[in-house]
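Visitor: I am attaching a structure below and will ask some questions about it afterwards.
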Amino acid sequence: MGNDLPKMAKVQSSNCPLILRADNGCNLNNNNNTELTDDPYPQCQQENQAPGGTSTQENSKHKVPVQKGTQVNECGEDSSPTKGTQAVVQQDWKLEVLAPNNNQNIPAPSKPAPDSVPSRRTVFEKWAAVERDSQRALAKRQLSAESAACSFRVVKKGTLRKEEGEETVAPVPTQSRPKVQAGQRRGLKTPAIPKRKLRKELVSSADVFKTLDAHAITTGKQDETPWQASGVQQHPPHLGLLRAPGLFSFVLSRSVIRVFLNSLGPRAGFKEDLVTEGICCVPVHAVFQLREQRVFSAQTIAQGITHTAKSDLERLRAIWVWLCDNIEYDVSGYLGQSEKLCSPEEVIEAGRGVCCGYSSLCLEMCRTLGIECQEVSGHSKGIGYRQGQSYHDTKSNHMWNAVRLGGHWYLMDACWGSGRVDMDNKAFIKRYDDFYFLTDPEDFIDSHCPDDPQWQLLDAPISLEEFEKRVFKTSEFYRLGLKLVHPTHYLMVTENGEATVSIGFSKRTEFTYQISQLNVVDSKEIGSSFGLLTVTSVGMKLRLLPPSQGRYEVIVFARPADSTGTFNWVCSFHLDCPEPKPSEELPENPFLSWGLQPSASDIGVSLSSHGSEPIEIQNGSFQLELQTSRPLMVLCEFTHKDMDAALSKRCLATQIKPDQLICHVLCPFRGFYRLSVFVRDYDQAGDRFQNAGNFLLHCTANPINLNELFPPSLSSSCGPGIRTESAGLSKFSHQGALVSTQQGKCNITFHNSRDLELHAVLTKERSEALGYSLARHILFTYTDCKVTVSVTLPEPGVYRLGLYGKTTPGQDFNPLCDFILRCPSEASWPPFPCVYSAWRKGCVLFEPRSGWLQPQSWVRFRVRVPGAQSVSVVGGESRTPLQLNKSRVWEGEVLAGSAASQLKLAASGRGECNEIAVIMAFDVVNQL
């Protein structure tokens, strides 16, 4: 039963007196004609009983001696707290049925003063929590003589544990509940307690209340009774035990039960044979009719939803969850379209209320359970709030609650915890928000400023002016564990055309933002092209570069790094720009932040050669290196406002190594570029690529000529890497993908441990008509396991050298890697001799290296052909044999013939097969 239980009805005279008696022995001075007051706790009119059953009230005119240092309670007892005693700060009541013949020792109560009976209320209505104040008179008239003949004893009990050495705090008197007025502090009597626990220390996680929350929601459903209905074997503590499915059990006398059921009407389904002395089983639908009779009791609901709670914290949690789940914000009342609902009964009945409805109902339920609670009024940044608005000389617009747990005050706002208001559609959107349950005062002050500064619960309360300047942060800001580093106030002013927002975090978080220009008409979003967002492992930094003068609104959104859901609003600012900074427009970044993504390490990228700041480029080229924890495949996206997709591909070249990714970039224009890198596991071809990082490049000078871009059709694997390593190629003389040939020729060497059959292709985008294939400018030389690829270039420019290999003769050649050859020299080199299949492993051409010979000139030949029995040069019908020297090199001089003829180098093998095979051919031409 709640604190209002002593509000009883007047009972006519009978054989069995009706008395109210407290456990401490104080008679409550009520007889058959007694009318009980509305006071939550009956005032004791008697002193303790004298021996022999006589009342000491006869001597009530005599003064009771009070010793120094003691306190006398309202019953005249010594209630001074001493060591080892408990301070009584809570009272509740217990209803007992006394037999008519057990009143011999009950003293005759004296008649109370007439002015002590302001109203009449029935004990049965309050006990069952089923009657409203307007219905109580009816129940009183229905009391029968038989019920009046029964005696009742109301026992007052309840204590609160007190730690040794802790100062006792008197509870707020429940008979008076004044509203908090602006500038007036109400009942705040906090002792000097060393430390108040933070919310995370008090409640480690909302999951600890999972069972309790579910019980409060299920038990407290307002479309049913406040407790479980048919088939549930639980029992509300104030109603006794459920004896059978669909029946409630009441511990009362038969007469009282009949009076109670008669008040419900004939539809209650009451059966006389179910009634025994003290126990009655009532059909569930009979209890449902209590709601139909417009009976809504905060006390009954509070007791029903908390009967499984084991502490004040759990009881308070049940109240909070019930309020958030069952009460909706009264939007029509707030807008003045209907009467505002604030009283607990009205709020429960309608299922809606404004802020004072939430706070008053919370207060009533807390008092029922003996939890010290206060209503607090003040200003909040809620409905209709505008950044920077002034609250001076304005009436407070919100109410919330302060509760006392473990000797400390905590703050909570069930109104904000239940959902939010959509003012565009004038509708309430139910969305549970656990943040406003026992919120830390340091966080609560950002959105709630009480009229009385002491209810801020801060060591150093802030002023109303400071509250107005504070940055507005949503509950999601704190839920993500964010911390605002800069600025501390909502209004920023640019310096040299720039401003910065910095936010720290303890868990990886992703951010995005929105910038809108404000004016007298509307706001215009300018996108993310005038902001530079960078996210590291510990925080976020947002550089703002407004394009013109004026005021801007900056809204920051965030979400957990491992989430794929939507971004939530966390905070917002205003930005004044008196003078913009001359700058170019930044490229749009759909991937939110610059630099490595906070989740890059999860997808295998551990380190970057460049950070999140803009990268200045003065020579038109750039190289990005990413260290990886496992083999990855990479793709890149490169954008500029003046560059299309086809041109963008010719500005990128990537090299994939087992533990490193290298991206080569060319900038053909001045200005800002966005380079986005995407990766996936190398062997997981079916996986999607994920964004690992985004880099802002700024080319300030010497952009690359369009004729010097990378060759088209480059593969994703340039230079030595995973492919060449898996094919058995190693020890490359050139470890990078770019090869600069200052003289127009080069040799690339490597080891071929698996004896692959190799092939190479040389291409150039725009080459002059040579009259022969560029393949003539490539020459393979095999010595043991070492391979040398010799390249001569016919003209300046950029070439692609593609390397291919296969293991078996019938197999297709597979790409191994591409090299990018740059030739700035104007020298033009002739091609190599045309090579035939007899040119195999171990063959080496020392001279002549050129495939073009001058007509009618003597040419010296030096060549090594392993296993050859003889080597000769054949020209026309002539044949000139070469001599084998001590170094196993065939050498000799040969006269070239006329122009347009050929000289062929041939060799004959050992054994019976002495056929001559052509190794290579030289062209005799007139060279310019």
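The values are calculated or read from the model by the stated rules, or taken from the named source; none is laboratory data. Note that the structure is predicted; figures quoted are calculated from it, not measured. Because the Cβ atoms are built from the backbone with ideal geometry, glycine has one as well, and the counts that use them run over all protein chains shown. Please note that ligands, DNA and RNA were not included when accessible areas were found on the heavy atoms of the full protein model with its side chains. Shrake-Rupley method; radii C 1.70, N 1.55, O 1.52, S 1.80 Å.
Visitor: Of Asp446, Asp452, Asp440, Asp434, which residue is within 30 Å of Thr368 (Cβ to Cβ), open to solvent by less than 20 Å² (accessible area, probe 1.4 Å) and not polar (S, T, N, Q)?
Guide: Working: Asp446 fails: within 30 Å of Thr368 (Cβ to Cβ); Asp440 fails: open to solvent by less than 20 Å² (accessible area, probe 1.4 Å); Asp434 fails: open to solvent by less than 20 Å² (accessible area, probe 1.4 Å).
Going through Asp446, Asp452, Asp440, Asp434 in turn, just one is within 30 Å of Thr368 (Cβ to Cβ), open to solvent by less than 20 Å² (accessible area, probe 1.4 Å) and not polar (S, T, N, Q): Asp452.
Visitor: Among the numbered conditions (1) under 30 Å from Glu553 (Cα atoms); (2) open to solvent by less than 10 Å² (accessible area, probe 1.4 Å); (3) of a type in the set (D, E, K, R), tell me where Arg317 comes up short.
Guide: Status for Arg317: all satisfied but (1).
Visitor: So, of the residues in region 420-431 that are open to solvent by 40 Å² or more (accessible area, probe 1.4 Å) and among the charged types (D, E, K, R), which turns out to be farthest from the chain's Cα centre (by Cα)?
Guide: Lys426
Visitor: At least 3 residues that are open to solvent by less than 30 Å² (accessible area, probe 1.4 Å) in each: list the strands (runs of 3 or more DSSP E) lying fully within region 635-754 that qualify.
Guide: Working: elements: 652-657, 660-666, 671-681, 690-699, 738-740, 745-752.
Result: 652-657, 660-666, 671-681, 690-699, 745-752.
Visitor: Going through region 408-419 one residue at a time, which ones are open to solvent by less than 40 Å² (accessible area, probe 1.4 Å) and either of a type in the set (A, V, I, L, M, F, W, C) or not in a loop (DSSP other than H, G, I, E, B) (or both)? Write out each step before concluding.
Guide: Taking region 408-419 and keeping what is open to solvent by less than 40 Å² (accessible area, probe 1.4 Å), we get 408-415, 417-419.
Selection gives His408, Trp409, Tyr410, Leu411, Met412, Ala414, Cys415, Gly417, Ser418, Gly419.
Visitor: Need at least 2 residues that are touching a Gly at 6+ places or on another chain (Cβ under 9 Å) per element, so show me which strands (runs of 3 or more DSSP E) inside region 521-625 make the cut, counting only ones lying wholly within it. Break it down stepwise before answering.
Guide: Values: elements: 523-525, 531-535, 539-544, 550-560, 568-577, 605-608, 615-617.
Correct list: 531-535, 539-544, 550-560, 568-577, 605-608.
Visitor: Would you mention how many residues in region 830-855 are modelled with pLDDT of 90 or more and either open to solvent by 70 Å² or more (accessible area, probe 1.4 Å) or assigned to a strand (DSSP E or B) (or both)?
Guide: Here is the first cut: in region 830-855, the residues modelled with pLDDT of 90 or more are 830-836, 843-855.
Right, trim to either open to solvent by 70 Å² or more (accessible area, probe 1.4 Å) or assigned to a strand (DSSP E or B) (or both) and you get 834-836, 844-847, 849, 852-854.
So the count comes out to 11.
Visitor: Before we move on, is Ser608 in contact with an Asp or Glu (Cβ under 9 Å, 6 or more places away or on another chain) and under 16 Å from Pro658 (Cα atoms)?
Guide: yes
Visitor: Follow-up question, since we're still on this one. Any idea which of (1) touching a strand residue (DSSP E or B) at 6+ places or on another chain (Cβ under 6 Å); (2) farther than 19 Å from Ile748 by Cα is the one Glu826 doesn't satisfy?
Guide: (1)
Visitor: Only one residue in Ser359, Ser297, Ser332 is on the phi < 0 side of the Ramachandran plot and surrounded by fewer than 22 Cβ atoms within 10 Å (Cβ to Cβ). Which one?
Guide: Details: Ser359 fails: surrounded by fewer than 22 Cβ atoms within 10 Å (Cβ to Cβ); Ser297 fails: surrounded by fewer than 22 Cβ atoms within 10 Å (Cβ to Cβ).
So the residue among Ser359, Ser297, Ser332 that is on the phi < 0 side of the Ramachandran plot and surrounded by fewer than 22 Cβ atoms within 10 Å (Cβ to Cβ) is Ser332.
Visitor: Here's a follow-up. If I go through region 755-772 residue by residue, how many of them are open to solvent by 70 Å² or more (accessible area, probe 1.4 Å) and polar (S, T, N, Q)? First the steps, then the outcome.
Guide: So the first thing to find is which residues in region 755-772 are open to solvent by 70 Å² or more (accessible area, probe 1.4 Å), and the list is 755, 757, 759, 765-766, 768-769, 771.
After this cut, where a residue has to be polar (S, T, N, Q) as well, the list is none.
Adding up the residues that qualify gives 0.
Visitor: If I ask for residues that are surrounded by 21 or more Cβ atoms within 10 Å (Cβ to Cβ) and in contact with a Phe, Trp or Tyr (Cβ under 6 Å, 6 or more places away or on another chain), which ones from region 543-553 would you list?
Guide: The first filter runs over region 543-553 and keeps only residues surrounded by 21 or more Cβ atoms within 10 Å (Cβ to Cβ), leaving 544, 546, 552.
Matches in region 543-553: Pro546 only.
Visitor: Just name the residue that is surrounded by the fewest Cβ atoms within 10 Å (Cβ to Cβ) out of those in region 773-800 that are touching a residue at least 60 places away in the same chain (Cβ under 8 Å) and under 26 Å from Ile704 (Cβ atoms).
Guide: In this case the residue turns out to be Gly797.
Visitor: Related question: Test Phe819 against the criterion of being assigned to a strand (DSSP E or B), in contact (Cβ under 8 Å) with a residue 40 or more places away in the chain, open to solvent by 20 Å² or more (accessible area, probe 1.4 Å) and aromatic (Phe, Trp, Tyr), and give yes or no.
Guide: Taking the combined requirement at face value, the residue does not satisfy it.
Visitor: Sticking with this one: Give, as residue ranges, the strands (runs of 3 or more DSSP E) completely inside region 420-514 that count at least 2 residues that are over 30 Å from Gln549 (Cβ atoms), at pLDDT below 90 and not hydroxyl-bearing (Ser, Thr, Tyr).
Guide: Values: elements: 427-430, 448-450, 482-486, 491-493, 499-505.
In region 420-514, the matching strands (runs of 3 or more DSSP E) lie at 427-430.
Visitor: Since Glu795 meets every condition but one in (1) under 17 Å from Ser825 (Cβ atoms); (2) in a strand (DSSP E or B), which condition does it not meet?
Guide: Single failed check for Glu795: (2).
Visitor: In region 380-396, what residues are in contact (Cβ under 8 Å) with a residue 24 or more places away in the chain and either surrounded by 20 or more Cβ atoms within 10 Å (Cβ to Cβ) or of a type in the set (S, T, N, Q) (or both)? Working first, answer last.
Guide: Initially, region 380-396 is screened for residues in contact (Cβ under 8 Å) with a residue 24 or more places away in the chain, giving 380-385, 387-392, 395-396.
Matches in region 380-396: Ser380, Lys381, Gln387, Gln389, Ser390, Ser396.
Visitor: Where in region 860-907 are there strands (runs of 3 or more DSSP E), lying wholly inside it, with at least 3 residues that are more than 60 Å from the chain's Cα centre (by Cα) and charged (D, E, K, R)? If you could, list the steps in order and put the result at the bottom.
Guide: Details: elements: 870-875, 878-881, 890-895.
Per the criteria, no element qualifies.
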